[in-house]
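The values are calculated or read from the model by the stated rules, or taken from the named source; none is laboratory data. Bear in mind that the values here come from a model prediction, so they are computed numbers and not experimental data. Methodologically, a virtual Cβ is constructed for each residue, glycine included, from the backbone with ideal geometry; neighbour enumeration extends over all protein chains shown. Just the protein is used for accessible areas: all its heavy atoms, side chains included, with ligands, DNA and RNA removed. Shrake-Rupley method; radii C 1.70, N 1.55, O 1.52, S 1.80 Å.
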Amino acid sequence: MGTIVVTGASRGIGLELVKTYLAKGDKVIATYRSPEPPSTLTLLQGTNQLTLHPLEVTDSQSIEAFAASLEDTHIDVLVNNAGIIGPDHQSYSDMDVQGWKQTFEINTIAPLIITNALLSHLKKSRSPKVLTISSQMGALSRESIGMFAYRSSKAAVNKVMQVLALELKAEGIIVCPVHPGWVKTDMGGDEADITVQESAEGIVKLSQSLTMNDSGKFFTWEGHEHAW
Ligand SMILES: NC(=O)c1ccc[n+]([C@@H]2O[C@H](COP(=O)([O-])OP(=O)(O)OC[C@H]3O[C@@H](n4cnc5c(N)ncnc54)[C@H](OP(=O)(O)O)[C@@H]3O)[C@@H](O)[C@H]2O)c1
């Protein structure tokens with residue numbers, strides 16, 4: 001039984017990760033950004049397994065308040081899941097630049113800032129892990145067009161996590177970006193390949209099997225190594 005933090009847990013993959021970890025008997029600290037906890041999460045409360053905290057991942061005060069609220073809690077797994085697809089206009093000839101910057105703030109910068117803010121809690125774990133939900137849409141090895149803001153934010157967070165993995169190796173902290181599959185959520189849409197249950201089951205299984213040798217690698221939800 002471990003203690004897991006999942007960001008962006010109000011819906012989609014984050015919510016299903018919360019349900020899956022709870023079903024496995026873990027303690028889960030789930031974060032949401034709305035002023036009040038969403039009913040999707042409050043419905044899951046009832047035992048002392050689940051704690052809910054507000055967290056706007058781009059707001060430094062919100063991050064500080066969240067970290068402070070954890071007091072001396074240890075974190076075994078941090079899942080940086082919160083993310084956005086980016087602005088409606090993100091082609092090379094029609095770019096919403098402000099929206100691109102916001103996409104970077106949420107998808108690329110926040111996972112690093114949050115991981116650092118929670119570092120002292122991760123260090124209290126015997127086997128700390130940081131999984132950042134990235135996307136194969138950011139893989140440099142895949143040739144595909146469009147979605148400049150989203151793709152670049154995920155390519156960048158992959159590099160951020162690869163560097164962080166090297167820097168946190170001495171601390172014994174495993175760091176991996178993960179492609180969750182193309183998942184039926186508000187973001188992925190109804191035509192996506194897999195359900196949230198399939199994705200979350202795979203990610204939870206992966207988080208349980210990762211060793212220090214895996215740190216700094218890019219994985220798929222199925223536990224396979226993904227080409228950068
Ligand atoms: N679905 C896919 O096919 C797919 C594929 C590859 C990668 N991913 C990645 O998987 C992760 C989850 O995606 P999803 O499909 O579950 O998306 P989703 O259904 O749109 O859910 C996104 C979650 O992130 C939260 N969030 C967004 N911006 C935030 C912010 N600034 N601060 C705090 N929370 C914020 C949302 O909170 P609110 O409810 O308050 O908006 C929501 O809980 C994302 O990183 C995404 O890029 C998804």
query: Given H placed 1.01 Å from N in the peptide plane, which residues other than close sequence neighbours of LEU50 have an amide H under 5 Å from its amide H?
result: VAL28
- prompt: Of the listed peptides 126-136, 48-58, what is their order by residue-averaged count of other C-beta atoms within 10 Å, with the highest listed first?
  reply: 126-136, 48-58
message: I'd like the carbon and sulfur percentage of the solvent accessible area for the chain, probe radius 1.4 Å, heavy atoms only, ligands and nucleic acids excluded.
response: 51 percent
- prompt: lysines within cross-link reach of LYS159: Cα-Cα under 24 Å, excluding same-chain residues under 8 positions apart?
  reply: LYS101, LYS123, LYS129, LYS169, LYS205, LYS217
statement: Among GLY138, GLY188, GLY172, the residue whose Cα sits farthest towards the positive end of the charge dipole of the stretch 117-205, when +1 is placed on the Cβ of each Lys and Arg and -1 on the Cβ of each Asp and Glu, is GLY172
- line: Summing -39500 (n - 2.57) over every DSSP H run of at least 4 residues in the chain and dividing by its residue count gives a helix-only mean residue ellipticity at 222 nm, to the nearest 500 deg cm²/dmol, of -10500 deg cm²/dmol
task: List every residue whose amide H lies under 5 Å from the amide H of HIS226, counting only residues 5 or more places away in sequence or on a different chain, with H placed 1.01 Å from N in the peptide plane.
output: PHE218, PHE219, THR220
field: Average accessible surface area per residue within the stretch 1-129, 1.4 Å rolling probe, Å²
entry: 50 Å²
query: Can you list residues whose amide H is under 5 Å from ASN80's amide H, if they're 5+ apart or on another chain and H is modeled 1.01 Å from N?
result: LEU131, THR132, ILE133
- prompt: According to the Kirkwood expression over distinct Cα-Cα pairs, how big is the hydrodynamic radius of the chain, in Å?
  reply: 17.5 Å
- prompt: Using a simple charge model, +1 on the beta-carbon of Lys and Arg, -1 on the beta-carbon of Asp and Glu, nothing else, what dipole does the chain show about its Cα centre, in debye to the nearest 20?
  reply: 580 debye
- prompt: For the stretch 111-166, what mean projected area does the convex hull of the alpha carbons give, in nm²?
  reply: 4.4 nm²
message: What is the distance in Å between the Cα centroid of the stretch 92-126 and that of the stretch 160-228?
response: 16 Å
